[in-house]
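A.B. asks: My questions will all concern the structure given below.
The values are calculated or read from the model by the stated rules, or taken from the named source; none is laboratory data. The model shown is predicted, which means the values in this text are computed figures rather than measured ones. Neighbour counts run over all protein chains shown; Cβ positions are idealised from the backbone, glycine included.
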Amino acid sequence: MNFEIIINEFIKIFLLLFFLLINISDKQKLKNIRKKIRITGDVLYVNGCYQDIFPDSYRYRILNQIEQLSDEYLDDREIFYLKIGPLMVCNFRVIIFFRCTLIKQINEAISLAKKLNKKILFDIDDLVFDQKYINKNPYLQTLSAYERKNYRENADLIGKTLLLCEGVITSIEILGKELKNYVPEIFINHNIASEKMWKLSENALEKNLK
């Protein structure tokens, strides 16, 4: 259990109660305060992906999806998988695990989420957990025997997390069809450009048209 996270969450609870006690009548102000201290939320993304190693996956499967949810007025948040704690599980209605290996913290988080009847989903954009596809990956041949062993063990742990979830979110239909062999519920959410990417593209297009 991460006591630093627990202390931070208790501070947030205290702040929220303090603002309520001083009689804030403006509902919009209260909503802004709640969002700022993030005491509760709709969707929590648990990121099992190292940004410096997989920047594209992190961008499309977490950052851009969070932007989509924000556009629908949903309160969402991202946390690195090594920092997940019980209070965060309690405070969100839906928890999405992205490429998370089944370490102790993740196993405990999923067990607690199930007890609390939270919606538990897994997000993945490839079949990195499936050994039969790993064998066909030429990248594996560039690794040492020790690195290959670690790679395979990590893939198995990702697969174990996936199997504990109710459903999977993935990027394309063909992946969804394959993932149906592992979990009953599949959701397709394609990789899309963020608002910033759209604006940069529009600016580049305008310059080229001049």
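A.B. asks: Cβ-Cβ below 7 Å, separation at least six or inter-chain, first residue in the range 189-210 and without any contact (Cβ under 8 Å) to a residue 40 or more places away in the chain, second of a type outside the set (Phe, Trp, Tyr) and loosely packed, with under 11 Cβ neighbours inside 10 Å: which pairs?
C.D. replies: none
A.B. asks: In the list Leu163, Leu121, which residue meets the criterion of being at pLDDT 95 or above, surrounded by 16 or more Cβ atoms within 10 Å (Cβ to Cβ) and at negative phi?
C.D. replies: Just a single option satisfies the conditions, and that option is Leu121.
A.B. asks: Looking at the range 154-170 only, could you name the residues that are over 19 Å from Val94 (Cα atoms) and of a type outside the set (A, V, I, L, M, F, W, C)?
C.D. replies: Asn154, Asp156, Gly159, Lys160, listed by residue number.
A.B. asks: Here are Ala193, Ala155: which of them is among the aliphatic types (A, V, I, L, M), within 21 Å of the chain's Cα centre (by Cα) and farther than 16 Å from Phe98 by Cβ?
C.D. replies: None of the other options fit; the residue is Ala193.
A.B. asks: Report the residue count in the range 99-108 for those that are more than 13 Å from the chain's Cα centre (by Cα) and crowded, with 18+ Cβ neighbours inside 10 Å.
C.D. replies: Residues flagged as more than 13 Å from the chain's Cα centre (by Cα) and crowded, with 18+ Cβ neighbours inside 10 Å within the range 99-108 amount to 2.
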